[in-house]
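Reading through the structure tokens given below for one structure.
The values are calculated or read from the model by the stated rules, or taken from the named source; none is laboratory data. The structure presented is a predicted model; accordingly, all values stated were derived computationally and were not measured. All Cβ positions, even for glycine, are placed from backbone atoms using ideal geometry, and neighbour counts span all protein chains on display.
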6 protein chains.
Amino acid sequence: MNQNVVLLVEDEALILLDLQTSLEEAGFAVVCAKNAEDAITHFDRDPTGVKALVTDIRLGSGASGWEIGRHARQAMPSIPVIYVSGDSASDWHAQGVPGSVMIQKPFVLVQIITALSTLLNEQPALPPLDNA
Amino acid sequence: MNQNVVLLVEDEALILLDLQTSLEEAGFAVVCAKNAEDAITHFDRDPTGVKALVTDIRLGSGASGWEIGRHARQAMPSIPVIYVSGDSASDWHAQGVPGSVMIQKPFVLVQIITALSTLLNEQPALPPLDNA
Amino acid sequence: MNQNVVLLVEDEALILLDLQTSLEEAGFAVVCAKNAEDAITHFDRDPTGVKALVTDIRLGSGASGWEIGRHARQAMPSIPVIYVSGDSASDWHAQGVPGSVMIQKPFVLVQIITALSTLLNEQPALPPLDNA
Amino acid sequence: MNQNVVLLVEDEALILLDLQTSLEEAGFAVVCAKNAEDAITHFDRDPTGVKALVTDIRLGSGASGWEIGRHARQAMPSIPVIYVSGDSASDWHAQGVPGSVMIQKPFVLVQIITALSTLLNEQPALPPLDNA
Amino acid sequence: MNQNVVLLVEDEALILLDLQTSLEEAGFAVVCAKNAEDAITHFDRDPTGVKALVTDIRLGSGASGWEIGRHARQAMPSIPVIYVSGDSASDWHAQGVPGSVMIQKPFVLVQIITALSTLLNEQPALPPLDNA
Amino acid sequence: MNQNVVLLVEDEALILLDLQTSLEEAGFAVVCAKNAEDAITHFDRDPTGVKALVTDIRLGSGASGWEIGRHARQAMPSIPVIYVSGDSASDWHAQGVPGSVMIQKPFVLVQIITALSTLLNEQPALPPLDNA
């Protein structure tokens, strides 16, 4: 019953907990990953069960949030993607996927909730997908 | 003093209560209707007193949410309209009114609040109406 | 080879000719219909071969442009729809389909070309359809 | 019969002629003004007869294009406003009106046509005005 | 450490307190001003430390919220600006800055939070200001 | 005098000529490249002199249009990017840059002109890059 979760990727444990708590209090089901490998493994297990992606950019020594975003969109072209970052925000114009939201640190948690709600609300406006 | 209410239409009592509670906690005044007939009767009594419409699509044996949306827009061309549905979301492209938001079940309550706030915030950007 | 045409519906012969000429000079292939019945017959023969719909609202004694718009969207949820009208423009908020463009008479022909180009350019931004 | 014209304001005669020719070739009716005083005089004579405003910013010793924009919007809240400028473009964020377009010199004439068509096409999406 | 605050301008003490409490509960740091003079003094001390402006329109005998908006945008072209007003909302089309949000009284506090979050989320979409 | 050109990248000579002619007739100055290497060499010589990028996706054996888009945005975060493609359009959601336009073949030349004009008109809406 892990369907329709928000996949949350962040390598700093405290920020991850903050984000997870905030999203869950707002009513979202959350699956956490601490690096790109775990995130992609979870995503690939059931791409249609992931409702949205919220990801940090720098994730230790592995792949970055930019790569997770592209990976998710390749399988699910209309999945909402939200990037959260401090120093990588300026790369968003070159590395982000179309229609994504870049939230710059320091941010207020309600900004994530609003971005997520807004992108999810735009989803049904897209025509039905053959693989969703 | 029922001015400026959100008209909420839903035939399942539990979902209706959930939505009403959530909207009221967010600060909105809510008037509930369980079918299209009640919704339209309330609306027609004072169209300018209804600030926004949030409606389910399937409403038992009577008219559907699509018809309530068109009815409300005929009298109030710029009223925010939010549809909430499970299986009827794919009909939105053909049956929804322009500028409306379609929220697909299962959804998180904050999505309704965000959609409502966003559409209400866009209202003053419209020129003053002669009949409002 | 009638694939990827703009379906143009207008009951006044002179306006129809003007629109057709203007669209063809801009490079679009055009199929004309003088009433809703002909338009829907053409559309139903090959819905995926119609790239966009440009329709007048009042079309003699038959169905109106609003109905053609809904009919086309039911089969092709993301097809661009452009309405052209004089006195029916104010009904667009209640009768138009989401994401459509309403062009009010008197208009300049380049407005149609711009609307059509803009809506077609937004198409690939939508995820691939299973039936297109 | 000067209804539904584009009011074009530019103090450099050659640029004015270029713009006027380009707009007329695209099918628009144009009324020209060489300074803010003439522009406002024309506008005030029949505000509902002016379909859109295209204005340079610096206009000799009189009022600027920013002031014409605000003046026009005070009477006609939804009138399309397009500013054309070289060195004043950076002031647009502080001095422009909401929903206006700023076109920076050097520009290509088709940019003006596209901006004008796009803003005019968005007009019927606004609810009917009491004074239009 | 007053960096990244929301500058809140409102001359009615009770409304100011309501807004301040609501913004702080949502996680924003707030600096309050009761008139335009105080607002501009605070802003000019450290323009880059102000993250967003939320302002009433009528502010006693001094300058109005329209003037504060233009002042802030002149120094910080992309700062989010939110106006809150009862009777001045219809002037927004002529007096507001581009991309601003006008929230009409009576409003629900969550509308302010949503507008603020949405505008802040759009910020990183703008190109970096220092290295280009 | 190569300032403010549109950089056009296409490996099929006939399509390149068509696009170039169409853009020049519309008034744009064009620099052509037949592969990614040439495109990037031209771009890097004077990034601020390139006004916009129009690129095919598949470009023979070298890098693709997706890479040219990212390269251009890394140096010029707000440069308009338009992709033109037949079979690669569905990858746009994963490989395109934010705010870009994907035009699917077969297309009509006016779609390119409209996309280019629209993106250029949105440019001054971005804050100035040098004085902030």
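Out of all the residues in segment A:6-46, which are surrounded by 14 or more Cβ atoms within 10 Å (Cβ to Cβ), under 21 Å from B:S22 (Cβ atoms) and touching a strand residue (DSSP E or B) at 6+ places or on another chain (Cβ under 6 Å)?
Listed by number, the residues that qualify are A:V6, A:L23, A:F28, A:A29, A:V30.
State yes or no: is D:V101 touching a Phe, Trp or Tyr at 6+ places or on another chain (Cβ under 9 Å) and modelled with pLDDT of 95 or more?
When the stated conditions are applied, D:V101 passes them.
Which one is nearest to the chain's Cα centre (by Cα) among residues in segment E:75-99 that are more than 9 Å from every other protein chain (Cβ to nearest Cβ) and hydrophobic (A, V, I, L, M, F, W, C)?
E:V81
Could you please give the count of residues in segment D:43-69 that are of a type in the set (K, R) and more than 24 Å from D:S117 (Cβ to Cβ)?
Within segment D:43-69, residues that are of a type in the set (K, R) and more than 24 Å from D:S117 (Cβ to Cβ) number 2.
Are there any pairs with C-beta distances below 9 angstrom linking a residue in segment C:15-33 that is under 20 Å from F:I112 (Cα atoms) to a residue that is buried (at least 17 other Cβ atoms within 10 Å of the Cβ) and of a type in the set (K, R), with the two at least 6 apart or on different chains, and if so which?
Close Cβ pairs satisfying both conditions: C:F28/C:K51; C:A29/C:K51.
Test C:K51 against the criterion of being basic (K, R), more than 14 Å from chain A (Cβ to nearest Cβ), farther than 22 Å from D:A52 by Cα and crowded, with 19+ Cβ neighbours inside 10 Å, and give yes or no.
So C:K51 fits the description; yes.
I'd like to know if segment B:120-129 contains one or more residues that are at pLDDT 95 or above and either out of contact with any Pro (no Cβ under 7 Å at 6 or more places or on another chain) or surrounded by 22 or more Cβ atoms within 10 Å (Cβ to Cβ) (or both).
yes
What number goes with the only condition from (1) part of a strand (DSSP E or B); (2) under 20 Å from F:Q95 (Cβ atoms) that A:V6 does not pass?
Exception for A:V6: condition (2).
How many of the residues making up segment A:77-95 are modelled with pLDDT of 95 or more and within 23 Å of E:A115 (Cβ to Cβ)?
The total comes to 6.
Just the residues that are buried (at least 22 other Cβ atoms within 10 Å of the Cβ) and among the aliphatic types (A, V, I, L, M), please, taken from segment B:80-102.
Hits for segment B:80-102 are B:V81, B:I82, B:V84, B:V97, B:V101, B:M102.
If we scan segment E:62-78, do we find a residue that is farther than 24 Å from D:W66 by Cα and surrounded by fewer than 23 Cβ atoms within 10 Å (Cβ to Cβ)? It would help to see each step written out before you state the result.
Of all residues in segment E:62-78, those farther than 24 Å from D:W66 by Cα come to none.
Within segment E:62-78, not a single residue is farther than 24 Å from D:W66 by Cα and surrounded by fewer than 23 Cβ atoms within 10 Å (Cβ to Cβ).
When segment A:10-60 is examined, which residues are found to be more than 25 Å from B:K105 (Cα to Cα) and in a strand (DSSP E or B)? Step through it out loud before you land on a result.
Of all residues in segment A:10-60, those more than 25 Å from B:K105 (Cα to Cα) come to A:10-18, A:33-41, A:56-60.
Selection gives A:A33, A:D56.
Can you tell me how many residues in segment B:58-74 are within 13 Å of B:F43 (Cα to Cα) and either away from chain C (no Cβ under 13 Å) or without any contact (Cβ under 8 Å) to a residue 24 or more places away in the chain (or both)?
Counting residues in segment B:58-74 that are within 13 Å of B:F43 (Cα to Cα) and either away from chain C (no Cβ under 13 Å) or without any contact (Cβ under 8 Å) to a residue 24 or more places away in the chain (or both) gives 1.
Can you say whether A:A89 is free of Cβ contacts under 8 Å to residues at least 40 places away in the same chain, over 16 Å from F:H93 (Cβ atoms) and in contact with a His (Cβ under 9 Å, 6 or more places away or on another chain), as far as the supplied structure shows?
Details: free of Cβ contacts under 8 Å to residues at least 40 places away in the same chain: yes; over 16 Å from F:H93 (Cβ atoms): yes; in contact with a His (Cβ under 9 Å, 6 or more places away or on another chain): no.
The answer is no for A:A89.
Tell me, yes or no, whether segment B:57-67 has at least one residue that is of a type in the set (K, R) and within 16 Å of B:E10 (Cα to Cα).
Scanning segment B:57-67, I find at least one residue that is of a type in the set (K, R) and within 16 Å of B:E10 (Cα to Cα), so the answer is yes.
Only residues that are without any contact (Cβ under 8 Å) to a residue 60 or more places away in the chain and small (G, A, S): list them for segment D:38-57, please.
Within segment D:38-57, D:A39, D:G49 meet the criteria.
Six or more apart or on different chains, Cβ under 7 Å: which pairs go from a residue in segment A:100-119 that's closer than 13 Å to A:I79 by Cα and within 9 Å of chain E (Cβ to nearest Cβ) to one that's buried (at least 24 other Cβ atoms within 10 Å of the Cβ) and of a type in the set (G, A, S)? Could you list them?
As it stands, the answer is A:V101/A:A115, since those pairs meet every condition given.
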